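Bear in mind these aren't lab numbers, they're just calculated from the coordinates by the rules spelled out. Remember, predicted model here, so these are calculated numbers, not experimental data. Positions of Cβ are generated from backbone atoms using ideal geometry, with glycine treated the same way; all protein chains shown enter the neighbour counts.
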Amino acid sequence: MRFLSLRAKGVDAMNPFPRILRVRQSFPQSAPVDIGTTLDAEFEKLRGRIRPGARIAVGVGSRGITQLARIVAAVIDQLHKAGAQPFIIPAMGSHGGATPEGQREVLASYGITEESMGVPIHASLEVRQIGESADGIPVFCSTEALAADGVVLVNRIKPHTDFFGTLGSGLLKMSVIGLGKRTGAIAMHQAAMRLGYERVIRGMAAVVLQNAPVLGGVAILENQCQEIARLVVLPRELMETAEDALLLEARSLMPLLPFEEIDLLIVDCIGKNISGAGMDPNVIGRSIHGYSSMLGRDDRPAPFIRRIFVRGLTAETHGNAVGIGMADIITTRLVREMNSRITFLNALTALTPQSAKVPIHCETDREAIGLMLDTLGTASPRIVRIADTLSLVEMELSEALWDEMASRPELTAIGKARDMSFGADGNLP
């Protein structure tokens, strides 16, 4: 379907697309982290608990974590040094279409295969109930994990996409949703809608730590440039408390958009490797449970974004387009890239159907941007274009926004302003 706007009728000369320029955002630098040396020291916390010959499951999730394959390989190396027999289990709830094959594909897209890691991958989604939380919520755990002599979880600590609190996305959440597979993910989300996410995750995680052979976890913190800032091993008994301080540190390291107001945000790609919500609500200020399309800001916090245009999906998301429901407009090619079954299953498991709603879509970027600018009614729109919500070091700004931000010391223009250009196919380069 092709939509017509004033621009499509030849009014571009009267109301042209704004000129843009590339800008770099600077962040404080983190000290380099040597993965092997750091984990060699950190694993002293677990080494005495691993008996020779023990079968140890390494839980790995679906997020696009910096150097994830190298970290997992280093964890496996530490387990081998301790005389253990490690193997990998996908710890990613319903991702990968909630099939063993799909979850293997997700791991493979990060370079984690049986061949590259030198250990088996046990991808079964079979679970067993291991108890109930204090709120009476059934708690489930992977049968592969339960059959192991120990479990080591590997995950990044960062603010959650669906709630704000002292707990975020990390090892405790992975113990509930990742080890719980789709069954555990559904149980958690259903209860969280009534009782709140943090209360439910903490209550269910306590049951997992009491009844499953979890030895501990490797917590990963990334800085604003998607570099490893810290690697910390948390023994089982510290997992329920130590994550709080790590979350505060992770929140201070998050890359954010440094603007008060944006009229149009152009996002090149969304995907599960970028954020559990496709694009991070902490960055865009929109909830996966819905948002207002009103143009007036009122008391809404920064960055206040009036319109969002999403151009495509990452390859690593394997067609999972969760997050499109937070966009105002998308491309028809994104719709073609979307795997509806995987997207809808993930959204329904998380009880976030609005996150999978398909917005208005256009054949070309030019048409989509033109339509959005027509809805804004401003001659000097503040436009920002980013690769994704994790990659906020370099971005493109419209001249109007740069004029407001040029004095900010953390922003540096790269080159001069130029016309917003489209290829012969009507799409941005």
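Taking 7 Å steps out from each Cα toward its Cβ at Glu410 and Lys45 produces label points 2.9 nm apart. Reducing the stretch 97-158 and the stretch 286-310 to their Cα centroids gives an inter-centroid distance of 36 Å.
A Gaussian network model of the chain, with springs between Cα atoms under 10 Å, assigns the largest mean-square fluctuation among Met254, Met395, Met405 to Met405. Computed over all pairs of different Cα atoms, the Kirkwood value for the hydrodynamic radius of the stretch 35-252 is 17.0 Å.
Let me make sure I get this right: for the stretch 224-304, a, b and c are the square roots of the gyration tensor eigenvalues over alpha carbons, sorted descending. Under 1.5 in a/c it's rounded, otherwise prolate if a/b > b/c, else oblate. Which is it?
Numbers: a/c = 2.27, a/b = 2.04, b/c = 1.11.
Prolate.
Checking the Cα-Cα distances for Lys158/Lys181; Lys181/Lys272; Lys173/Lys272; Lys45/Lys272; Lys272/Lys416 against a 26 Å cut-off, the pairs over it are Lys45/Lys272; Lys272/Lys416. Residues Glu240, Glu44, Glu132, ranked from the fewest to the most other C-beta atoms within 10 Å, line up as Glu44, Glu132, Glu240. Ordering Phe304, His318, Ile330 by Cα displacement along the dipole of the stretch 269-335 toward the positive end leaves Ile330 in first place; charges were set at the Cβ atoms of Lys, Arg (+1) and Asp, Glu (-1).
Taking neighbour Cβ counts within 10 Å as the exposure measure, how do Thr37, Thr343 sort from fewest upward? Could you put the intermediate results ahead of the total?
Working: Thr37 11, Thr343 25.
Going from sparsest to densest Cβ surroundings: Thr37, Thr343.
Label the chain by shape, choosing from rounded, prolate and oblate, from the square roots a ≥ b ≥ c of the eigenvalues of the Cα gyration tensor; if a/c is under 1.5 it is rounded, and otherwise prolate applies when a/b is larger than b/c, oblate when it is not. Note, shape of the chain comes out prolate.
When the Gaussian network model of the chain links Cα atoms closer than 10 Å, the mean-square fluctuations of Glu399, Glu410, Glu243 top out at Glu410.
Summarised in one figure, the compactness ratio Rg/Rh of the stretch 216-261, Cα atoms and Kirkwood Rh, is 1.10. When peptides 412-423, 277-288, 93-104, 372-383 are sorted by average Cβ neighbour count within 10 Å, with the highest value leading, the order is 277-288, 93-104, 372-383, 412-423.
Contact order, relative form, for the stretch 35-252: 23 percent (alpha carbon pairs under 8 Å, 6 or more residues apart, mean separation divided by residue count). Calculated mean residue ellipticity at 222 nm for the chain: -8500 deg cm²/dmol, from DSSP H runs with n ≥ 4 weighted as -39500 (n - 2.57), summed, divided by the residue count and rounded to 500. When peptides 63-72, 190-199 are ranked by their average number of other Cβ atoms within 10 Å per residue, the highest-first order is 63-72, 190-199.
Label reach from Arg194 (point 7 Å along Cα→C-beta): in the stretch 129-157, amide nitrogens under 15 Å belong to 132-139. Could you identify which residue out of Ser142, Ser30, Ser275 has the top mean-square fluctuation in a GNM of the chain using Cα springs shorter than 10 Å? Among Ser142, Ser30, Ser275, the largest mean-square fluctuation in the Gaussian network model of the chain belongs to Ser30.
Give me the percent of DSSP beta bridges within the stretch 35-252 that run antiparallel, rounded to the nearest 5. It would help to have the intermediate numbers written out before the result.
Details: 13 of 31 bridges.
Expressed as a percentage, antiparallel bridges in the stretch 35-252 total about 40.
The ranking of Glu115, Glu316 from fewest to most other beta carbons within 10 Å of each one's beta carbon is Glu115, Glu316.
A Cβ-based charge dipole, computed about the Cα centre of the stretch 1-160 with Lys and Arg at +1 and Asp and Glu at -1, lands at about 880 debye.
Please get the size of the charge dipole for the chain, origin at its Cα centre, with Cβ charges of +1 on Lys and Arg and -1 on Asp and Glu, quoted in debye to the nearest 20. Numbers along the way, then the final one.
Working: 44 positive and 47 negative charges, 101 e Å.
Result for the chain is approximately 480 debye, rounded to the nearest 20.
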